[in-house]
Ligand SMILES: Nc1ncnc2c1ncn2[C@@H]1O[C@H](COP(=O)(O)OP(=O)(O)OP(=O)(O)O)[C@@H](O)[C@H]1O
Ligand SMILES: Nc1ncnc2c1ncn2[C@@H]1O[C@H](COP(=O)(O)OP(=O)(O)OP(=O)(O)O)[C@@H](O)[C@H]1O
Ligand SMILES: O[C@@H]1[C@@H](O)[C@H](O)OC[C@H]1O
Ligand SMILES: [Mg+2]
Ligand SMILES: [Mg+2]
């Protein structure tokens, strides 16, 4: 079919080979000016790799790229930036030691004869941040001190600081809470209205529906569908294109309300206070129960998990099966596991193998007097890899070469080999694809059914509401509401977590 | 106090000159005491100074960094000491600051490593480095000649190669050997330490399956050289040492591979203190006719062998 | 409504007086308080133990002159380390530059050419370091170790292991150390100028910003369009130039060029930089901190010289003082945040 | 089938013949090919230039005996660096241990007590390093620098700056270097035993695995329930113990204890570790690589002395060989992947 508008970007037959993997195996992509083009695919499908070739960060082995009618060779990031292609990468690639403003203008500093114009830089940064609805982030703040969501905003500001014709966003919403996403969409609409093309990657289908125009689906490094209408294509069809299977219910069956009532408390928290962040929070988690913490970014949910895990100084009482938790060692000994929020910084050993990462906290299980039984270790790791359908299913592969979602699975697997009484999950499905998500939910529920208590933090309300048995709403470090998840809906929770709402 | 031969210092007493005179402050600067010989230098200087009630001894931080030694001497100049005794890390590099001291009216006694500029010191006292090489060369040359060895394998293990005194020693050695028609087969440098001597000797012994003689410049590193020889189980050759440590003398006495050593005595530090005091007090040397201390004094390098070792043993310094 | 959303990490509630905070920050502020405190403490020790000698102008001049040579090298080292690298070859490059500048041939062209020669040799050796690291992809530690060994050997070879005197007709070089302006020898002004230039370069130019980026997250820097390799080349070249300048200063102070100059300066310079709060892993650091770190070392040495402690005790004391200074530093950081 | 899979993250993709791959990989495999190639090249040079001297058993024994002392230290250093640290104090600790073990008092208890004394002194100093770093939160570079300075001073003090001879009645110590079993002196067996123990500890125990974790991502290690501080303490203690063992070997070789022993060993050991492919930033590395790196250095020195090269030329050539070895190493890595 002939379209009136010429596409702004055409990628044809892109091939990218990594040692041992053909990450892209002849991918095609066409993007028009002014549209939001969604790129979908399972974890490891090749989305990030594709956009990195578009950003000049990877050199494709084969294939052509045509931009604004010209065939181009993107020899490096500068070439792409010069053409007007800017990119928000999946891994937040910011420089911790530099200020927000310096990060935004890194590489195209505001300067005269090599001398930076600090005032101009800060003003321009403040303007961009304001436009993104985050005027409260001071341009002079050191980026390393920002929480993940703040860093994401800085990444966006950086992408907007260029004169762009095409802006690529690789899972920009993964680190954002609900209201932040609305803000992001406002920006995207402004951009497309001005004729800028947006390539948008996300694992949240509801976002695709809301913001997307057309969809390209990748599977195993190949394009399996081109230019599907974003709003009209049925969810079932998208999922089956991506995963090659049909899926009905994402969330597993829940036990009946009140069915945990008589069961013993695994975790009991009383009067938990983390100075400056969390104030006087009390709750408990019973055997087999999944308790969700809902709240805004920065409301202190992560701190609650860290405090329970003994990883953060706090006051109050924390008891696991009646025994007080004193520090991480004692938490681990008593049977608590934490899957932290930032997998790269807090969970993974990037230079080690998948298996080495999975068994890290359970080494004691495979050792006698410190001597490792590597056969058993490997067998256990392999079992979890299969169980979670982690791909590629090679336990000896360095974890850094895995896609983000698969890395997340490895973090979870760590606490599956080393069985826990209580699991603390901080954004466990961040960056995980729909299919895998359903798998993870099933695993989490099955663990609960086996009697494990789960404390879940997620910025995706549907996840909290769909998976948890009971929900605790946190606002500014205080627990403002607690009830059965089935008695709540998104609107009510949203009202509660925003300030000024009725209780 | 500490007695016995493990800690004896070379101290000289007696004579009219030793009677208390005007009070003098003597500043003292030397390289870091990182081996026996230099350690003996520092100890001798201090012990000698203690002999005099009229001497206020001011040693500064020993260092192997020229820049720091310059600062150290500068600070002594600023404190207006009466005389300076300096054993420079490198005579050329410390020349300017020594000159500055002289210009400021502070007499400098230059110990061991010499300043190139005579205006930079009042008196130099030191060993005869060239002479050491000559003595070692003659001992080895004569012995091999007497044995009738035709083309002898002669090895030389130097001290720190960048020191002019090392180069002087090697020159004297080569010159003396030449008079017998011999030359050095192989030469390597070490660091004046036991360990470097051990490593260099360990490798050299592998390079030469049959050796006739070996000269090692320094008895401190000689301990390591001797250990390497023992480890390689070699005894087909003889060795000559340098400086004259007590340990080397005991080895000579025991009659092993080490047959002789040529002296370069750290007693020179004691002499330097005496001279500095005399100069500052305007006195001459009692045994000389002259009213003033001479401009330079070179100690003779003596050869110690089994025959005369008993006589020297009390003078040996501990490694 | 939006106002309650806050992604900034400033623990809300305390907004320090904006006016003062800015100027303090400009010089690195609170993070140097501990170092300054350590220096002050050392000065007090000096005043108490050596009332007549420590606070004299001639002693202070001497401290600065002693610090100048390594100081210049430390400035270059700060850049290299912030940029994520390390330079073990600084001492050897300085030695080589001093030897090259004092060969008979070079000396025949007079003092200006000698100085230029020293700087060029430094720049060349530094550029070679940079080349091996950025284009040859060698680990900085190894590349500069190789340079340290090779440049040292070359210096010995060129000089035939002898100390080369600066000839009398070139005594303009020595004048840097002997001529005083306002009571300070010229070389102290050179030191000050290098520090000032380094500070401006690091804090007020794009080159400086990019140095932090290249050291803090090279991949991010690359994606931001920075030519990381070229920048790395420049960093090592800069360090080499500093070594060349230091060679001029050491020639002025010792009146010689020698392969023995600069022995172990790499350790002193790195130690000063790290004590000054720069991360060995790169991405963070300050020039001022490095210089304070260096001054602490120099003042310690000076105090020892003045007090005539014996070496062994000095070394033990030095070890303890280093530990104390760092703990003090952390204490002050903690209480200021 | 499972056998060819390993838990360490070998650059994947190439699947060499499974039978051989196991043993090769077991030793770290392809990533050491370049180092092995460099060693082979050096050996060829040795065979060609010194046909009569190089490949003799006595020369090879001598090379191994010379490598033994730093070799033992290098094993400890490999652990420390993989664990994300650095230890500048190894040479000084070894010196201190050798001095302590050769005091008149210690020697009066005989050789076993002397050996124990050396190891205990090493362990103590290492533990103090570890304490300052993990509980005192000092940067490893600074803490161990302070230890280097202080331990050196203490060694000088204890020995009164003299070389302390091992007394004849304690010649069991010397016997380590003079007694041969199957043609090899005992100290070579000690070296081999330390390497083997180090390899097993690093690759077959939880301690080793945790070392990689602590060095690769301390925060992740902490959140995975590893006691990072305790582990860090242990790493530096281990390094100290290695220094103690090295002190025994150096006493055996030189028949002395001395504060001058081990001068600059820290640089040699670190260089061997890094040349061997261990990351200076931690989290990755191998014992075998470090030992190969060290052997390259030792063989170079041996070759030079066999050929009668002078030190200056040795240094220049050494620099070039380091660069060549590293480039060769990368080439082999690239072509093998
Ligand atoms: N540097 C690399 N080296 C080796 N393999 C790589 C590398 N980068 C990516 N891969 C592999 O390429 C494939 C595609 O990865 P990519 O990151 O593009 O997936 P993705 O679609 O973005 O997944 P996700 O949704 O999880 O982010 C995966 O199998 C991944 O393991
Ligand atoms: N290391 C730290 N130092 C100072 N402030 C911090 C630190 N870590 C977190 N904070 C602050 O504490 C508050 C809570 O942070 P955090 O992002 O963990 O909350 P959260 O509710 O878990 O949000 P999210 O859902 O994004 O994880 C934020 O204001 C954050 O800036
Ligand atoms: O080792 C000694 C050296 O330092 C000194 O300068 O001269 C004599 C040597 O034996
Ligand atoms: Mg991706
Ligand atoms: Mg959080």
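The values are calculated or read from the model by the stated rules, or taken from the named source; none is laboratory data. No experiment lies behind these values; they were computed from the predicted model shown. All Cβ positions, glycine included, derive from the backbone under ideal geometry; neighbour counts span all protein chains shown.
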If we keep just the residues of the stretch B:68-80 that are surrounded by fewer than 24 Cβ atoms within 10 Å (Cβ to Cβ) and on the phi < 0 side of the Ramachandran plot, which is nearest to ligand 5 (Cβ to nearest atom)? B:68
Looking at the stretch A:132-177, which of its residues are away from ligand 4 (no atom under 16 Å from the Cβ), in a helix (DSSP H, G or I) and within 30 Å of residue A:68 (Cβ to Cβ)? A:153, A:154, A:156, A:157, A:158, A:159, A:160
Total residues in the stretch D:129-157, condition over 14 Å from residue C:267 (Cα atoms), facing another protein chain (nearest Cβ under 7 Å) and surrounded by fewer than 22 Cβ atoms within 10 Å (Cβ to Cβ): 4
Check off (1) over 15 Å from the mean Cα position of the chain (by Cα); (2) crowded, with 24+ Cβ neighbours inside 10 Å; (3) more than 14 Å from chain B (Cβ to nearest Cβ) for residue C:284 and give me the number that stays unchecked. (2)
Any residue at all in the stretch B:80-90 that's facing chain C (nearest Cβ under 8 Å), part of a helix (DSSP H, G or I) and touching a helix residue (DSSP H, G or I) at 6+ places or on another chain (Cβ under 9 Å)? no
Could you identify the single residue in A:386, A:380, A:351, A:373 that is surrounded by fewer than 17 Cβ atoms within 10 Å (Cβ to Cβ) and within 26 Å of residue A:405 (Cβ to Cβ)? A:386
From the option list C:96, C:132, C:128, C:88, single residue qualifying as part of a loop (DSSP other than H, G, I, E, B) and closer than 17 Å to residue D:319 by Cα is C:88
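Yes/no matrix, rows are residues, columns are (1) assigned to a loop (DSSP other than H, G, I, E, B); (2) more than 14 Å from chain A (Cβ to nearest Cβ); (3) within 17 Å of the chain's Cα centre (by Cα):
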| residue | (1), (2), (3) |
| --- | --- |
| C:221 | no, no, no |
| C:229 | no, no, no |
| C:248 | no, yes, yes |
| C:261 | yes, yes, yes |
| C:267 | no, yes, yes |
| C:272 | no, yes, yes |
| C:278 | yes, no, yes |
| C:294 | no, yes, yes |
| C:298 | no, yes, yes |
Residue D:237, sole failed condition from (1) modelled with pLDDT of 95 or more; (2) more than 10 Å from every other protein chain (Cβ to nearest Cβ); (3) crowded, with 24+ Cβ neighbours inside 10 Å: (3)
Evaluation of residue B:166 against (1) buried (at least 22 other Cβ atoms within 10 Å of the Cβ); (2) within 11 Å of ligand 3 (Cβ to nearest atom); (3) within 11 Å of another protein chain (Cβ to nearest Cβ) (one fails), failing number: (1)
Residue by residue through the stretch A:284-305, note down the ones that are modelled with pLDDT under 95 and either within 13 Å of chain D (Cβ to nearest Cβ) or within 16 Å of ligand 4 (Cβ to nearest atom) (or both). A:302
Exactly one of B:147, B:118 is more than 16 Å from the chain's Cα centre (by Cα) and either within 16 Å of ligand 1 (Cβ to nearest atom) or farther than 20 Å from residue B:279 by Cβ (or both), and that one is B:147
Select from the stretch A:328-343 the residues that are out of contact with any strand residue (DSSP E or B) (no Cβ under 8 Å at 6 or more places or on another chain) and closer than 18 Å to residue A:148 by Cα and write down the one among them that is surrounded by the most Cβ atoms within 10 Å (Cβ to Cβ). A:343
Which of the residues belonging to the stretch A:56-81 are in a loop (DSSP other than H, G, I, E, B) and surrounded by 22 or more Cβ atoms within 10 Å (Cβ to Cβ)? A:56, A:60, A:74
Would you mind telling me which numbered condition in (1) closer than 20 Å to residue A:442 by Cα; (2) in contact with a helix residue (DSSP H, G or I) (Cβ under 6 Å, 6 or more places away or on another chain); (3) surrounded by 18 or more Cβ atoms within 10 Å (Cβ to Cβ) residue A:278 fails? (1)
Can you pull out the residues in the stretch A:154-167 that are within 12 Å of chain C (Cβ to nearest Cβ) and either touching a helix residue (DSSP H, G or I) at 6+ places or on another chain (Cβ under 8 Å) or within 16 Å of ligand 3 (Cβ to nearest atom) (or both)? A:154, A:156, A:157, A:158, A:161, A:162
Conditions (1) more than 10 Å from every other protein chain (Cβ to nearest Cβ); (2) surrounded by 17 or more Cβ atoms within 10 Å (Cβ to Cβ); number of the one not met by residue C:86: (1)
Criterion (closer than 22 Å to residue C:265 by Cβ, within 14 Å of chain B (Cβ to nearest Cβ) and more than 18 Å from the chain's Cα centre (by Cα)) met by exactly one of C:61, C:121: C:61
Being assigned to a strand (DSSP E or B) and in contact with a strand residue (DSSP E or B) (Cβ under 8 Å, 6 or more places away or on another chain) narrows it down to one residue among A:293, A:305; which is it? A:293
For the stretch A:488-503, check the following and say yes or no: at least one residue is surrounded by 14 or more Cβ atoms within 10 Å (Cβ to Cβ), closer than 24 Å to residue A:340 by Cβ, assigned by TED's automatic domain parsing to the domain that holds residue A:432 and without any contact (Cβ under 8 Å) to a residue 60 or more places away in the chain. no
What are the residues in the stretch B:138-160 that are farther than 17 Å from residue B:222 by Cβ and either within 14 Å of chain C (Cβ to nearest Cβ) or not in a loop (DSSP other than H, G, I, E, B) (or both), if any? B:138, B:141, B:142, B:143, B:144, B:145, B:146, B:147
Do any strands (runs of 3 or more DSSP E) lying entirely in the stretch A:178-272 carry at least 1 residues that are at positive phi, and which ones are they? A:222-229
I want to confirm something. Restricting to the stretch B:170-221 and keeping residues that are in a loop (DSSP other than H, G, I, E, B) and surrounded by 24 or more Cβ atoms within 10 Å (Cβ to Cβ), which single residue is farthest from the other protein chains (Cβ to nearest Cβ)? B:217
Pick out the one residue from D:114, D:174 that is surrounded by fewer than 23 Cβ atoms within 10 Å (Cβ to Cβ), touching a residue at least 24 places away in the same chain (Cβ under 8 Å) and in contact with a helix residue (DSSP H, G or I) (Cβ under 6 Å, 6 or more places away or on another chain). D:174
